[in-house]
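The block underneath contains the structure these notes are about, expressed in structure tokens.
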Amino acid sequence: QVQLVESGGGLVQPGGSLRLSCAASGLNFGFYHMGWYRLAPGKPRELVAVVISGGSTNYEDSVKGRFTISRDNAKNTVYLQMNSLKPEDTAVYYCNAQHRVTRGSYWGRGTQVTVSS
């Protein structure tokens, strides 16, 4: 059974930092592209950042230079380091795993990030 478990969300002031983690189990982690999505009230779900199985990364324009995605294949974990947080970053952040060949996809349950003073 595949499980993706996010952690690290919370309340932070503007300009602050958070580090999200997503621990994966039940899959061959190295064969999966790993991504972070977010969903904010009244907005469509958007892809924030992705790290493919080979290690290359890509970011949504609004987070470039502020967020960093990384993966530790030995720990089956993907991270999202979020710096210089803004109120508009407030959302539920979801971890996604997509198989690099079959495109089969799994989702975590999400973790809330709130940026507010």
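The values are calculated or read from the model by the stated rules, or taken from the named source; none is laboratory data. As the structure is a computational prediction, the values presented were derived from the model and not from experiment. For neighbour counting, all protein chains shown are included, and Cβ atoms are generated from backbone atoms with ideal geometry for every residue, glycine included. Note: areas computed on protein heavy atoms with side chains; ligands, DNA, RNA excluded. Shrake-Rupley method; radii C 1.70, N 1.55, O 1.52, S 1.80 Å.
Do we find a residue being over 12 Å from residue 97 (Cβ atoms), open to solvent by 50 Å² or more (accessible area, probe 1.4 Å) and at pLDDT 95 or above anywhere in the range 22-30? Give the steps one after another, and end with the answer.
Restricting attention to the range 22-30, the residues satisfying the condition of being over 12 Å from residue 97 (Cβ atoms) are none.
No, because not a single residue in the range 22-30 is over 12 Å from residue 97 (Cβ atoms), open to solvent by 50 Å² or more (accessible area, probe 1.4 Å) and at pLDDT 95 or above.
Of everything in the range 56-81, what is closer than 23 Å to residue 3 by Cβ and touching a residue at least 12 places away in the same chain (Cβ under 8 Å)? Give them in sequence order. Write out each step before concluding.
So the first thing to find is which residues in the range 56-81 are closer than 23 Å to residue 3 by Cβ, and the list is 69-81.
69, 70, 71, 73, 75, 76, 77, 78, 79, 80, 81 - these are the residues of the range 56-81 that are closer than 23 Å to residue 3 by Cβ and touching a residue at least 12 places away in the same chain (Cβ under 8 Å).
Among the residues of the range 1-21 satisfying the criterion of being part of a loop (DSSP other than H, G, I, E, B) and among the polar types (S, T, N, Q), which is least open to solvent (accessible area, probe 1.4 Å)?
Per the criteria, the residue is 17.
Kindly list the number of the only condition in (1) among the small types (Gly, Ala, Ser); (2) under 15 Å from residue 95 (Cβ atoms); (3) at pLDDT below 95 that fails for residue 9.
With (1) among the small types (Gly, Ala, Ser); (2) under 15 Å from residue 95 (Cβ atoms); (3) at pLDDT below 95 applied to residue 9, the lone miss is (3).
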